4 protein chains.
Amino acid sequence: MTNRPENMTGWRARWYEIIFEADTPKGKLFDVVLLIAILGSLLAIVLESVESIYNKYGTIFQMVEWIFTVIFTLEYILRVAVVRNPRYYIFSFYGIIDLLSILPTYLAIVLSGAHYFMAIRSIRLIRVFRILKMVRFLGEANMLSNALKASRIKITVFIVVVMCAVFIMGTVMYLVEGRENGFTSIPVSIYWCIVTLTTVGYGDIAPQTTLGQMIASVIMILGYGIIAVPTGIVTSEIARANQTKADENKKLHHHRCPACNKGIIDPEANFCPNCGNQL
Amino acid sequence: MTNRPENMTGWRARWYEIIFEADTPKGKLFDVVLLIAILGSLLAIVLESVESIYNKYGTIFQMVEWIFTVIFTLEYILRVAVVRNPRYYIFSFYGIIDLLSILPTYLAIVLSGAHYFMAIRSIRLIRVFRILKMVRFLGEANMLSNALKASRIKITVFIVVVMCAVFIMGTVMYLVEGRENGFTSIPVSIYWCIVTLTTVGYGDIAPQTTLGQMIASVIMILGYGIIAVPTGIVTSEIARANQTKADENKKLHHHRCPACNKGIIDPEANFCPNCGNQL
Amino acid sequence: MTNRPENMTGWRARWYEIIFEADTPKGKLFDVVLLIAILGSLLAIVLESVESIYNKYGTIFQMVEWIFTVIFTLEYILRVAVVRNPRYYIFSFYGIIDLLSILPTYLAIVLSGAHYFMAIRSIRLIRVFRILKMVRFLGEANMLSNALKASRIKITVFIVVVMCAVFIMGTVMYLVEGRENGFTSIPVSIYWCIVTLTTVGYGDIAPQTTLGQMIASVIMILGYGIIAVPTGIVTSEIARANQTKADENKKLHHHRCPACNKGIIDPEANFCPNCGNQL
Amino acid sequence: MTNRPENMTGWRARWYEIIFEADTPKGKLFDVVLLIAILGSLLAIVLESVESIYNKYGTIFQMVEWIFTVIFTLEYILRVAVVRNPRYYIFSFYGIIDLLSILPTYLAIVLSGAHYFMAIRSIRLIRVFRILKMVRFLGEANMLSNALKASRIKITVFIVVVMCAVFIMGTVMYLVEGRENGFTSIPVSIYWCIVTLTTVGYGDIAPQTTLGQMIASVIMILGYGIIAVPTGIVTSEIARANQTKADENKKLHHHRCPACNKGIIDPEANFCPNCGNQL
């Protein structure tokens, strides 16, 4: 993972420390400044997309965008200059993200269709995670992602079953309701089925015939039982993770035999069950 | 279950192995080819139902459909020819599914109304499960379905109670809102009630009167408590299944006293707590 | 509970047995016939409310309704005649329900507004529960209702907190969105808030201003956390009930000391921990 | 917390007791009267906001409002007069709430825009909590709020992750659907994403393109898994709180050996398992 040149000296070593290390004061400052720049640039992208705001402050947004782009470009050049193996960085995941974060602004001068183009810059958000990862303040997040990982297979099986159910019910609804009631094709029907089963229920498409409404009712009530499944899976995994953590804490806190150093499970034992030493 | 002719020879034995066995290389290849054919045929059915695509590539779809139908027909004939008791196969669940998967294409030549007719072919999806069952890769699915089976009675009771509640509330809303506000009949009112209680909320029918909105609010908040019940049932079943599995793993892994064969719970015991035999 | 006349003879004793007892063959038959009559009558009420069906088969529905009403009237008269204390029955919960089940049909001759009137007959559904209660096949339902009862206080506290939150947020949305965006009054705003927080989301009222949409987003994400609370309460209660039941089963199945009859918790104990008798 | 003047005499001491203490009969009466006044005033505010009711009974509402305002003003003056350190009270949280509860009515005479102004009075609801807190009947609420507090960090992490996902998906949908399909800007797109992910689904904005509907389907199914996470967190916390409480109850109820004071787990033991003392 570490890409640090071993016998690096002078400004390259200094900048490497600032950019890649989060524990030194300068490294921390760099991270914070970069985080603010990214979030500020994201805010600008979001506000720019609102027509009324853009019409009013369009020039300011262009200026702000160029300032951020120049900052990110300098950062990108510094990263390339400082790492031992520039090619490795450039084609790494974050290297490509860094490049894609600045390219659209430059390309927008040459190419038209800037509107769609500019939104691509929002992948800058992904760069936030690199900084957060560095300062590793995501302790609790690990437990959650572990619980989700542990239930990975179960959730996949569940989603496959749901997809099959949705396919069959979508086709049935397409037959029952037909094109004249908004179920214009099987894909649209399947989309409606997902909207219904997940209890989102936009209402842009809704069954009109009595039979269609009856089938929809069955789907909804089935969806009731079905929504319970992923919740059940994740809940029992989190409970298990909590239990494991509690057990580990207990293990760490319970006393050990001073003679043989074996952990003693019974908190009120008088003799070590391993070597018979009186406690 | 096995339908294999005992003293079968020649091409029938060879084909039986290919079609019905999943462990041999040829059997595996057959399963994979069939799986691809089914999924491809389903994709064709789905895309065909989209009007704009059908208008453009209608002829190609007809061709593709005939290719798949011929493949499935050959497969059907082979299955009938190869099994010991063809009648048993023909009237079995999958035998009927296999037939229904190919019939619509042939009938569409004779009969009109092809549009509705063709969608019936989507029962081909069910044939996917036979293949998946054969290769039995659904290990984790068993646990989920067991958890759901174990909570079968509770969920039935729950659904009966919900149905009664929905019936009463549907009638009340029909009286309160009346036909002029979209609650045109008691069945429609019940349908609205299910849509509300399951938190789907299409919005095609929505209470307009103040009293109706008050009752709807009560229904929604009740629905809040009610949605918790199936989740609770399934969650505790999954937690129980996890527990049982963990217990079984523990049982399988803990050692037994070689002298008295008693299971030893403490994994680090030096002496059998039953007979004192040193382990 | 039992209302049986002690020294009842002749036809009254016979009919009492038929009507009030569920264990005798005749009692069972009576229950089943009554159950069918109630459900059939409910089906008629539901179908009758559909305008197109009523316009077609109106006369048949009136006939069917009169048949059911006569049956229920006879049953009511029989019940009054047979019980020891008729006044007690007439003013009991089910006595009033029984009367309200037949009255509307008679009153509809005299009074107009039959349409609304007739729907009141759907309280006949409640009579179903008396029959179900008698045959007491609702074993599993008890556990569910116990779990809900045990979490009664927690759920009440939860609903009070939700009501307060909904009141404050409803008022805020009324101020932010105003009458022109569909939030015509504070009650309507509160109704919208409940619709949003319970994730029903009809869409008949939806925030239009940017600030309103931001507040709505916060409400929805809060609703996410909030929906977890009743689920968590009910789930942990059901898990507890399952645990208690499992513990009881364990207690019932574990062996007892043959000398002192004390239950022995340790399944592999060699001596009774109570009296020292060797097992 | 207690703000009681130590050497207070005469009417100030009497009124202090009435206003600030909940255990004396007069204190209780004061709390109940105040609670009714607050709730009545809130009801008036709610009903007043309904246009048709206001047009009919406007004068009555103004009268009622002035009565409540005079009551609350007298209460405010009393509180200021009675506490030892009036400045401390006036700038305390509840002091400001008390003032804001009465100010709007007075200001409405001078200023226009009364409509929006009046709704601010609904912060009177917050005053209810002071009374409820005093009579401390919120025992069960503590457990719930503790369970939520314990899962604070996990839920924050969860919401941050959801916000990032919502930002990325919102931008993608803005690009895919575009302004012509209702996704007029990135903020609106993000709003739509939150509406979808939380399964509220108003339907005021809904994807129209096939690609948009496909992405929306993925978002909904992801939302399925995602909604399970807070539920899982809260459920396992509540289960843990229940467990802790049960353990404490067990600890409180099981007896201790009178000789060595060791807690005895087996409720039916005849001899202390630690020192052999007969119980």
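The values are calculated or read from the model by the stated rules, or taken from the named source; none is laboratory data. Note that the coordinates shown come from a computational prediction; the quantities given were computed from them, not determined experimentally. Note that each Cβ is placed from the backbone with ideal geometry, even for glycine, and that neighbours are counted across all protein chains shown. Areas reflect the complete protein model, heavy atoms only, side chains present, ligands, DNA and RNA absent. Shrake-Rupley method; radii C 1.70, N 1.55, O 1.52, S 1.80 Å.
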- Message: Suppose you put the label 7 Å out from Cα in the Cβ direction; list, shortest first and in nm with one decimal, how far D:Thr59 is from each other copy's label.
- Response: 6.0, 6.0, 8.5
- Task: Compute the label-point distances linking B:Gln208 to its equivalents in the other copies; points lie 7 Å from Cα along Cα→Cβ; give nm, one decimal, shortest first.
- Result: 1.9, 1.9, 2.7
- Note on the structure: Phi angles of the range D:157-170, converted by Karplus (6.51 cos²θ - 1.76 cosθ + 1.60, θ = phi - 60°) into ³J(HN,Hα) in whole Hz with x for Gly and Pro, give 4, 4, 5, 4, 4, 4, 4, 5, 4, 5, 5, 5, 5, x
- Message: Binning at 10 angstrom from zero up to the longest distance, how are the C-alpha pair distances of the range B:137-237 distributed in percent?
- Response: 15, 40, 23, 15, 6, 1
- Note on the structure: For the range B:137-237, whose charge dipole is built from +1 on Lys and Arg Cβ atoms and -1 on Asp and Glu Cβ atoms, the candidate among B:Gly212, B:Val161, B:Thr184 with its Cα farthest towards the positive end is B:Val161
- Query: Which ³J(HN,Hα) values, rounded to whole Hz and listed in residue order, are derived for the range B:212-219 from phi using the Karplus coefficients 6.51, -1.76 and 1.60 in 6.51 cos²θ - 1.76 cosθ + 1.60 with θ = phi - 60°, glycine and proline given as x?
  - Reply: x, 5, 5, 4, 4, 4, 4, 4
- Query: Put B:Arg12, C:Arg152 in order of accessible area, largest first, 1.4 Å probe: what do you get?
  - Reply: C:Arg152, B:Arg12
- Item | Shielding by other protein chains, A:168-179, mean Cβ within 10 Å | 3
- Task: Among the listed pairs A:Lys154/D:Lys154; B:Lys149/C:Lys149; C:Lys154/D:Lys154; B:Lys154/D:Lys154, give every one whose C-alpha distance is greater than 27 Å.
- Result: B:Lys154/D:Lys154
- Message: Let me cross-check B:Ile226: its accessible surface, 1.4 Å probe, with only protein heavy atoms counted, in Å² to the nearest 10?
- Response: 40 Å²
- Message: Is there a quick way to get the dipole size of the range D:137-237? I mean about its Cα centre, with the Cβ of Lys and Arg at +1 and of Asp and Glu at -1; what is the value in debye to the nearest 20?
- Response: 260 debye
- Message: Which residue in chain B puts its Cβ closest to the axis that rotates chain B onto chain A, and at what distance in whole Å?
- Response: B:Gly203, 3
- Label-to-label distances across copies for D:Glu21, with labels 7 Å out along Cα→Cβ, in nm, shortest first? 6.6, 6.6, 9.3
- Protein-only accessible surface order, largest first, of A:Glu237, A:Glu51, D:Glu180, D:Glu21 at 1.4 Å: D:Glu180, A:Glu51, D:Glu21, A:Glu237
- Task: Could you calculate, for the range A:1-106, the ratio of the Cα radius of gyration to the Kirkwood radius, expressed as Rg to Rh?
- Result: 1.05
- Quick calc, the range C:11-133, dipole around Cα centre from Cβ unit charges on Lys, Arg (+) and Asp, Glu (-), nearest 20 debye, gives 360 debye
- Protection proxy (average C-beta count within 10 Å per residue), highest first, orders A:187-200, B:199-212, C:203-216, B:87-100 as A:187-200, B:199-212, C:203-216, B:87-100
- Message: If R₀ is 30 angstrom, what is the calculated FRET efficiency for the pair B:Asp23 and A:Arg152, using the beta carbon separation as r and rounding to 0.05?
- Response: 0.65
- Heavy-atom accessible area with a 1.4 angstrom probe orders D:Met163, A:Met63, most exposed first, as A:Met63, D:Met163
- Go ahead and collect, in residue order, the members of the range C:64-94 whose backbone nitrogen is under 16 Å from a label point 7 Å along the Cα-Cβ direction of B:Cys164. C:93-94
